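The values are calculated or read from the model by the stated rules, or taken from the named source; none is laboratory data. Here the structure is a predicted model, which means the values were calculated and not measured. Note: ideal-geometry Cβ built from the backbone for every residue, glycine included; neighbour counts use all protein chains shown. Keep in mind that these areas ignore ligands, DNA and RNA; they rest on the heavy atoms of the full protein, side chains included. Shrake-Rupley method; radii C 1.70, N 1.55, O 1.52, S 1.80 Å.
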Amino acid sequence: MFTTNGFDYINVLDKAADASWLRKEIINNNISNYDTPGYKRQDIDFQSVLKREMGASKYESLDKKVRGLNTHLGDLSPEVYDDAAFFSYRLDKNNVDIDTEQVESASEELRYELLTSSINSEFQRIQAAIK
């Protein structure tokens, strides 16, 4: 983690990329446990954590909100939870829907690529400003 204001967005993007990577691993774990009797799918929700930490004030600039996040980046750590919302209709009480998991996996892979691309863009902007 960098501590100057020039890296505020990079730090937040880095936390988002970490959460995306973790979610991809969790989804892969759900897929691998598709046939495990009684298994309950797991997930994380980084978007709600980020929204809560950024605050609800619509009158603050994004720069100010992101700068505030950098003072307590540790609060941007989502927790893994068992997804009880997916009621199981299967006899083995497993609630993993393989089709949904595969779609979520593809979606999360795109999100991760977008986040890493955004981090690279931020570094390129800093590099251009230095030259």
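Things worth noting here:
- Most mobile listed residue (121, 107, 61) in the chain, GNM with C-alpha springs under 10 Å: 61
- Check: the chain dipole with +1 on Lys, Arg Cβ and -1 on Asp, Glu Cβ, in debye: 580
- Within straight-line reach of residue 64, meaning a Cα separation under 19 Å, sit the following aspartates and glutamates at least 8 residues removed in sequence or on another chain: 8, 14, 53, 75, 122.
- Taking Cβ atoms as reference points and 13 Å as the exclusive limit, the residues near residue 81 contribute a net charge of -2, counting Lys and Arg as +1 and Asp and Glu as -1.
- Taken as entire DSSP H runs, the helices of the chain that both span 18 Å or more between Cα atoms along their own long axis and average -0.5 or more on the Kyte-Doolittle scale are 8-32, 98-130.
- Eigenvalues of the alpha-carbon gyration tensor of the chain, scaled by 5 and square-rooted, set the equivalent ellipsoid semi-axes at 35, 17, 11 angstrom, largest first.
- Taking each DSSP H run with n ≥ 4 as -39500 (n - 2.57) and averaging over every residue of the chain yields -19500 deg cm²/dmol at 222 nm.
- At R0 = 30 Å, FRET efficiency that the Cβ-Cβ distance of residue 60 and residue 110 yields, to 0.05: 0.55
- Pairwise centroid distance, computed over Cα atoms, of region 78-131 with region 19-63, Å: 7
- Accessible-area rank, largest first, for 67, 90: 67, 90, with all protein chains present and a 1.4 angstrom probe.
- Virtual spin-label span in nm between residue 128 and residue 80, 7 Å along Cα→Cβ: 4.0
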